[in-house]
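Colleague: Before I ask anything, here is the structure I am working with.
The values are calculated or read from the model by the stated rules, or taken from the named source; none is laboratory data. Since the model is a prediction, treat every value here as computed from it, not as a measurement. Every residue, glycine among them, receives a Cβ derived from its backbone with ideal geometry; neighbour counts consider all protein chains shown.
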Amino acid sequence: MSKKLKDIRIDGTGFNVPYWAGKTLEEFKAEAMKPDAAMIPPDVPEKDREKWCATAHGLIVKANNGEGNPVVNTEELEAEAAAAEKTKKKPAPGN
Amino acid sequence: MDILNLPNCGGVTGTFNSGVNLCDIIKDIPYGLLLMDAGVEFDAADRADVATFVDAIKTKTRAARGSRVYPLWDLVNFEDQTKEATRGTVGNLSVTDLKLVDAVPGFKFGHYKGELFHAKLSKAERESLRLMIIDQNFAIYGTKKANGNMTGYKLNEFSVDPSKFATPQGAAQYPFNVVLASLLEYKDNMAFVQADSTLANISGLIDVNLTEFNLASNVVKVKILTDGDQQNLFDLYATELAAAGAWVLKNKQTGATVSITSVSAADTTNKVWAITMDSTAWTALTSGQFFTLDLNTAAILSATYLVDGYESTGLIEIEKP
């Protein structure tokens, strides 16, 4: 469906995918962390907000490239973050 | 003197024959109407089969103004008010009355949808609409144009009568009248399509009004209520409209489109959408300048965002403090 290419929905927020995919994670974070911004779901704890931004921005970039399911919720985000963490911890081949 | 032509001859040979078609149609009681903008036509491809034709009509109910169809179902009253043709003697030697002026078809209809709908119907008085009539068997009657396309009958008048209170003997009445403009369209160039009950699934658009709830930095919160009965669309489409593409943001001063970076439906307390406007563009505005915000077109809302049957009555202006 065309809406999946245009918008990403994360817990009731639809992001302008091409707009954010063209911006850096830092720019995304700077906007999302503003006190008046309504981009991060209110139930995300303060300590997890940066992590949430990193995962959401990653998903936006993936969605812009036509990968993955852009309609996700917090549990899927957590799973995605956990998977990313696991990949990071994997020892490099040869070590 | 030679006769150059014979205007009332009808050709070298006559064109009349009296064979009866194997498949014909007898008009049944009117069940619904399709009012349409003057430019709306259905070509042969649109009429390829019933499903295609119904889809073509449905698409046009969501089209831009000027190309739109306005369906009206569940007629509860119908009176044919077509007058007799005017007849009279041609001169003092005439022995019989001849037809002087053709009768033009006119109908009185009634609906039972309520006051708000009746008030909306009055707006159609000021439009140059055409009309197709649908009978109880879902046959659609219109007129055939020279290019073979089907369209509605041109209207001489569309008028909405005052509603009447119920009485102990009868229900409230919501009457309206149409008078067609051309007997030629109605009689000689009559066109019909036998559709089916899927036609009745086609609905008209509901007007919605946007209002600014509050503004904080570059985030504007917007409420959408249906026109008239003030139902909050958030209760129905909170998630669907949490999509940047469902809205249109512009710089009022330049007319340029401005990016919406995100739309959130997280404010379930106030039942409003939080729309984050492009930070750079918002910062560039000077105090007292405006952005304008509106919903996207009914066609896009329906096809892309699955919010079918709603249209904004107009944009709102967001003033930079």
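Colleague: Would you check if there is a residue in region B:195-203 being closer than 30 Å to B:ASP267 by Cβ and under 26 Å from the mean Cα position of the chain (by Cα)?
Modeller: Yes, that holds for at least one residue.
Colleague: Here's something else I'd like to know. Consider B:ASP308 against the criteria (1) out of contact with any helix residue (DSSP H, G or I) (no Cβ under 7 Å at 6 or more places or on another chain); (2) within 14 Å of chain A (Cβ to nearest Cβ): it satisfies all of them except one. Which criterion is unmet?
Modeller: (1)
Colleague: I'd like to verify a number: residues in region B:171-194 that are assigned to a loop (DSSP other than H, G, I, E, B) and within 20 Å of the chain's Cα centre (by Cα), how many? Before the answer, list the steps.
Modeller: Going through region B:171-194, the residues assigned to a loop (DSSP other than H, G, I, E, B) turn out to be B:171-172, B:181-182, B:189.
With the extra rule that they be within 20 Å of the chain's Cα centre (by Cα), the set shrinks to B:181.
Result for region B:171-194: 1.
Colleague: What number of residues in region B:290-321 are of a type outside the set (A, V, I, L, M, F, W, C), within 13 Å of B:ASN251 (Cβ to Cβ) and in a loop (DSSP other than H, G, I, E, B)?
Modeller: Within region B:290-321, residues that are of a type outside the set (A, V, I, L, M, F, W, C), within 13 Å of B:ASN251 (Cβ to Cβ) and in a loop (DSSP other than H, G, I, E, B) number 1.
Colleague: Suppose we keep only residues that are in a loop (DSSP other than H, G, I, E, B) and aromatic (Phe, Trp, Tyr) within region B:119-170. Which one would you say is farthest from the chain's Cα centre (by Cα)? Show your work before the answer.
Modeller: At the first step, the residues of region B:119-170 found to be in a loop (DSSP other than H, G, I, E, B) are B:127-128, B:136-138, B:145-149, B:152, B:161-163, B:165-166, B:168-169.
Then keep just the ones that are aromatic (Phe, Trp, Tyr); that gives B:138, B:165.
Numbers: B:PHE138: 18, B:PHE165: 27 Å.
Here the residue is B:PHE165.
Colleague: Right, here's the next one. Condition first: in a strand (DSSP E or B), within 14 Å of another protein chain (Cβ to nearest Cβ) and closer than 30 Å to B:GLN289 by Cα. Can you find one or more residues in region B:201-212 that meet it? Steps first, please.
Modeller: Taking region B:201-212 and keeping what is in a strand (DSSP E or B), we get B:206-212.
If we keep only those that are within 14 Å of another protein chain (Cβ to nearest Cβ) as well, we get none.
Within region B:201-212, none of the residues are in a strand (DSSP E or B), within 14 Å of another protein chain (Cβ to nearest Cβ) and closer than 30 Å to B:GLN289 by Cα.
Colleague: Here's another thing I want to ask about it. Can you say whether B:ALA243 is at the interface with chain A (Cβ under 10 Å from one of its Cβ atoms), crowded, with 16+ Cβ neighbours inside 10 Å and of a type in the set (A, V, I, L, M), as far as the supplied structure shows? Reasoning before the result, please.
Modeller: On the way: at the interface with chain A (Cβ under 10 Å from one of its Cβ atoms): yes; crowded, with 16+ Cβ neighbours inside 10 Å: yes; of a type in the set (A, V, I, L, M): yes.
In short, yes.
Colleague: So which residues in region B:204-235 are hydroxyl-bearing (Ser, Thr, Tyr) and over 21 Å from the mean Cα position of the chain (by Cα), if there are any at all?
Modeller: Pass one, region B:204-235, residues hydroxyl-bearing (Ser, Thr, Tyr): B:211, B:217, B:226.
B:THR211, B:SER217 - these are the residues of region B:204-235 that are hydroxyl-bearing (Ser, Thr, Tyr) and over 21 Å from the mean Cα position of the chain (by Cα).
Colleague: Pick out, from region B:20-103, the strands (runs of 3 or more DSSP E) lying fully within it that include 1 or more residues that are under 17 Å from B:TYR153 (Cβ atoms).
Modeller: On the way: elements: B:30-37, B:69-72, B:77-80, B:86-88, B:98-101.
The qualifying strands (runs of 3 or more DSSP E) are B:30-37, B:69-72, B:77-80.
Colleague: So, one more: In a strand (DSSP E or B), in contact with a Gly (Cβ under 9 Å, 6 or more places away or on another chain) and of a type outside the set (Phe, Trp, Tyr): does that describe B:VAL220? Break it down into steps so the answer makes sense when it comes.
Modeller: Values: in a strand (DSSP E or B): yes; in contact with a Gly (Cβ under 9 Å, 6 or more places away or on another chain): no; of a type outside the set (Phe, Trp, Tyr): yes.
No, not satisfied.
Colleague: Name the residue that is nearest to the chain's Cα centre (by Cα), counting only residues in region A:10-63 that are away from every other protein chain (no Cβ under 13 Å) and part of a loop (DSSP other than H, G, I, E, B).
Modeller: Here the residue is A:THR24.
Colleague: Another question, if that's okay. Take the residues in region B:16-58 that are free of Cβ contacts under 8 Å to residues at least 60 places away in the same chain and of a type in the set (Val, Ile, Thr), then tell me which one is surrounded by the fewest Cβ atoms within 10 Å (Cβ to Cβ).
Modeller: Filtering region B:16-58 for residues that are free of Cβ contacts under 8 Å to residues at least 60 places away in the same chain and of a type in the set (Val, Ile, Thr), the one surrounded by the fewest Cβ atoms within 10 Å (Cβ to Cβ) comes out as B:VAL20.
Colleague: Among the residues of region A:24-78, write down those that are among the polar types (S, T, N, Q) and at pLDDT 90 or above. Steps first, please.
Modeller: Within region A:24-78, the subset among the polar types (S, T, N, Q) is A:24, A:55, A:64-65, A:69, A:73-74.
The answer is A:THR24, and nothing else.
Colleague: I've got another one for you. Read through the list (1) within 12 Å of chain B (Cβ to nearest Cβ); (2) at pLDDT 90 or above; (3) touching a helix residue (DSSP H, G or I) at 6+ places or on another chain (Cβ under 8 Å); (4) surrounded by fewer than 16 Cβ atoms within 10 Å (Cβ to Cβ), then give the number of the only condition that A:LEU5 fails.
Modeller: (2)
Colleague: List pairs: first in region B:190-202 and closer than 17 Å to B:ALA48 by Cα, second part of a strand (DSSP E or B) and among the hydroxyl-bearing types (Ser, Thr, Tyr), Cβ under 7 Å, 6+ apart or cross-chain?
Modeller: B:ALA191/B:THR143; B:PHE192/B:TYR141
Colleague: Now a separate question. Just checking, does region B:259-277 include any residue being more than 11 Å from every other protein chain (Cβ to nearest Cβ) and either under 20 Å from B:ALA299 (Cα atoms) or among the small types (Gly, Ala, Ser) (or both)? It would help to see each step written out before you state the result.
Modeller: If we filter region B:259-277 for residues that are more than 11 Å from every other protein chain (Cβ to nearest Cβ), which is where we start, we get B:270-271.
Next, only the ones that are either under 20 Å from B:ALA299 (Cα atoms) or among the small types (Gly, Ala, Ser) (or both) stay: none.
Looking for residues that are more than 11 Å from every other protein chain (Cβ to nearest Cβ) and either under 20 Å from B:ALA299 (Cα atoms) or among the small types (Gly, Ala, Ser) (or both), one finds none in region B:259-277, hence no.
Colleague: Only one of (1) at pLDDT 95 or above; (2) within 14 Å of chain A (Cβ to nearest Cβ) is not met by B:PRO175, so which one is it?
Modeller: If we test B:PRO175 against (1) at pLDDT 95 or above; (2) within 14 Å of chain A (Cβ to nearest Cβ), just (2) comes out false.
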